[in-house]
Amino acid sequence: MDLQFSVEDIRFRDEARAWLHDNVPREHRPHAGEAMRAFDTAWQLRQFEGGWAGVSWPKEYGGLGLPLIRQLIWHEEYARAAAPDNHLCFVALNHAGPTLIARGSEAQKSFHLPKILRGEVIWCQGFSEPNAGSDLASLRTQARIDGDYLVVNGSKIWTSHGHLSDWQELLVRTDPEAPRHKGISWVICDMKLPGITLRPIEIMTSPNQVHFVQCFYDDVRIPLGNVVGAVNDGWNVAMSTLGFERGTAQVRDQIRYAYLVEKMIAEARRRLGSDCALSDDVIGARLAQLRADMAAARAMTYMVMSRAQAGIQDSQSSLMRAMVGETQQRARRLALDILGPDGLENREEDDWVYFYLRSFSITIAAGTSQIQRNIIGERVLGLPR
Ligand SMILES: Cc1cc2nc3c(=O)[nH]c(=O)nc-3n(C[C@H](O)[C@H](O)[C@H](O)COP(=O)(O)OP(=O)(O)OC[C@H]3O[C@@H](n4cnc5c(N)ncnc54)[C@H](O)[C@@H]3O)c2cc1C
């Protein structure tokens, strides 16, 4: 492993930093609805037009075709510049797109990838079902083949931003007789198709705002050409998707949390005096532990990225997912302990309570911490099931 950045990497970083300095939108990002969609897609388009979208994506689909390490640098600079997270583009950019690059047909890639990079489309993920979350392979949404179409019936739940999406990465059971992992297909679903209805779900962090929907499919006809990989091989395709979702997709958050810890240290100093770590041993020790954990997470990120760069996509991303998620929860909790009652003040930029409440979801989404530990035990450490 070479831990040095090359001269070209450093030049790339300088250019990225300068561009972000001049172009990051400074206006407030709306938190819901069409206004949020307009903001996120416009920001994605600006990145595309500036020549910064899809750093490691193939050139023929509008990307820059650069090594993964430059993608990492871009994420680092993005977080450093406090650029707004375009959450609505997250699925498309971070796991649907990479899955299509890895497993999609030529037609699927050339149709979808450029639109994703230009921010023209929003994707959502239709994996979880009311009785299939951690045990994803027990999913029951059915798709029967009828001529050139799949006819889908069933339901998906916890679909983030499904109501604002154009496309969905959808897992369906195409062979109910086959063993659980063998009869599943990964399908590109047009969210505007007849037979799809959406039921909004409110969340505790933002009452009256819709984050999730439950999707119902009633004889929805999806062209067979929308199956990614082979029919009944969707479990393997989904494992690629989850690998991206748990791994490289988390890099930006991980860097952002490292900045958060530094901000908390500054806040603790301000409140408790210049020698705060000494004046409150417990807070000081917790801050020091967090800073150390963030440094470890960064080292782990570099390891996961350099393995991915070498073409190794394995379960190490679960290490990163579990560690970063849990560290972030501890950071959000500690932030409230440092701020005390002041944390209850709802401030536009630093809404500590909102982020504290939201932090509980981090160790559930993309597979719970317990599931990540199962994966680490079985696939990284080789322990018996
Ligand atoms: C913010 C957020 C966004 C999400 N977005 C999406 C999305 O866009 N699309 C989508 O498809 N899904 C989405 N999800 C759903 C998410 O993938 C599931 O919630 C998650 O996989 C857990 O499934 P579940 O909720 O059914 O819980 P369950 O699987 O019922 O788990 C309940 C508890 O049991 C534990 N448990 C279950 N099985 C085991 C086991 N074998 N070993 C040890 N412990 C176990 C779990 O860890 C958990 O604590 C989202 C979730 C959140 C919180």
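In table form, for the structure just shown:
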quantity: When residues of segment 335-363 are limited to those that are open to solvent by 90 Å² or more (accessible area, probe 1.4 Å) and not charged (D, E, K, R), the one farthest from the ligand (Cβ to nearest atom); calculated: PRO341
quantity: Checking VAL324 against (1) assigned to a helix (DSSP H, G or I); (2) within 16 Å of the ligand (Cβ to nearest atom); (3) open to solvent by 30 Å² or more (accessible area, probe 1.4 Å), the condition it does not meet; calculated: (3)
quantity: Filter result for PRO384 (of a type outside the set (A, V, I, L, M), assigned to a loop (DSSP other than H, G, I, E, B) and free of Cβ contacts under 8 Å to residues at least 12 places away in the same chain); calculated: yes
quantity: Given (1) surrounded by 16 or more Cβ atoms within 10 Å (Cβ to Cβ); (2) in contact (Cβ under 8 Å) with a residue 12 or more places away in the chain, number of the condition ARG307 does not satisfy; calculated: (2)
quantity: Per-region count, segment 135-156, residues within 26 Å of LEU93 (Cα to Cα), within 13 Å of the ligand (Cβ to nearest atom) and in contact (Cβ under 8 Å) with a residue 40 or more places away in the chain; calculated: 6
quantity: Some residue of segment 246-259 being touching a Lys or Arg at 6+ places or on another chain (Cβ under 8 Å), of a type in the set (Val, Ile, Thr) and closer than 30 Å to ARG173 by Cα; calculated: no
quantity: Residue match in segment 310-318 (condition: part of a helix (DSSP H, G or I), away from the ligand (no atom under 16 Å from the Cβ), within 25 Å of LEU68 (Cα to Cα) and open to solvent by less than 30 Å² (accessible area, probe 1.4 Å)); calculated: no
quantity: Condition broken by ALA366, with the remaining ones in (1) crowded, with 18+ Cβ neighbours inside 10 Å; (2) more than 16 Å from the ligand (Cβ to nearest atom) satisfied; calculated: (2)
quantity: Scope segment 143-156; condition open to solvent by less than 20 Å² (accessible area, probe 1.4 Å) and among the aliphatic types (A, V, I, L, M); matching residues; calculated: ALA143, LEU150, VAL151, VAL152
quantity: Any hit, segment 327-334, residues being away from the ligand (no atom under 16 Å from the Cβ), within 22 Å of GLY243 (Cα to Cα) and surrounded by 15 or more Cβ atoms within 10 Å (Cβ to Cβ); calculated: yes
quantity: Matching helices (runs of 4 or more DSSP H) fully within segment 190-280 where at least 3 residues are in contact with a Leu (Cβ under 8 Å, 6 or more places away or on another chain); calculated: 251-272
quantity: Subset of segment 107-134 (residues that are open to solvent by 20 Å² or more (accessible area, probe 1.4 Å) and either within 16 Å of the ligand (Cβ to nearest atom) or assigned to a loop (DSSP other than H, G, I, E, B) (or both)); calculated: ARG118, GLU120, GLN125, SER128, PRO130, ASN131, GLY133, SER134
quantity: Hey, ALA53 open to solvent by 40 Å² or more (accessible area, probe 1.4 Å) and either part of a helix (DSSP H, G or I) or not assigned by TED's automatic domain parsing to the domain that holds GLN254 (or both) or not; calculated: no
quantity: Top-ranked residue of segment 161-170 - restricted to ones that are under 17 Å from the mean Cα position of the chain (by Cα) and more than 10 Å from the ligand (Cβ to nearest atom), ranked as least open to solvent (accessible area, probe 1.4 Å); calculated: LEU164
quantity: Within segment 138-160, tally of residues that are within 17 Å of THR241 (Cα to Cα) and more than 21 Å from the chain's Cα centre (by Cα); calculated: 1
quantity: Tabulated pairs, segment 21-50, first in a helix (DSSP H, G or I), second of a type outside the set (S, T, N, Q) and open to solvent by 60 Å² or more (accessible area, probe 1.4 Å), C-beta under 6 angstrom, 6+ apart or interchain; calculated: LEU45/ARG118; PHE48/ARG118
quantity: Residues located in segment 254-270, provided they are in contact (Cβ under 8 Å) with a residue 12 or more places away in the chain and either of a type in the set (Gly, Ala, Ser) or more than 18 Å from ALA292 (Cβ to Cβ) (or both); calculated: ALA258, GLU267, ALA268
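Residue-wise test of (1) under 19 Å from LEU136 (Cβ atoms); (2) touching a Cys at 6+ places or on another chain (Cβ under 6 Å); (3) at pLDDT below 90; (4) not assigned by TED's automatic domain parsing to the domain that holds ALA331.
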{"residue": "ASN346", "(1), (2), (3), (4)": "no, no, yes, no"}
{"residue": "GLU349", "(1), (2), (3), (4)": "no, no, yes, no"}
{"residue": "TRP352", "(1), (2), (3), (4)": "no, no, yes, no"}
{"residue": "PHE355", "(1), (2), (3), (4)": "no, no, yes, no"}
{"residue": "PHE360", "(1), (2), (3), (4)": "no, no, no, no"}
{"residue": "ILE364", "(1), (2), (3), (4)": "yes, no, no, no"}
{"residue": "GLN370", "(1), (2), (3), (4)": "yes, no, no, no"}
{"residue": "ILE376", "(1), (2), (3), (4)": "yes, no, no, no"}
{"residue": "ARG385", "(1), (2), (3), (4)": "yes, no, yes, yes"}
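The values are calculated or read from the model by the stated rules, or taken from the named source; none is laboratory data. What you are looking at is a predicted structure, and each value in this text was computed from that prediction instead of being measured. Positions of Cβ are backbone-derived with ideal geometry, glycine not excepted, and every protein chain shown enters the neighbour counts. In case anyone asks, the SASA skips ligands and DNA or RNA and just uses the protein heavy atoms, side chains included. Shrake-Rupley method; radii C 1.70, N 1.55, O 1.52, S 1.80 Å.
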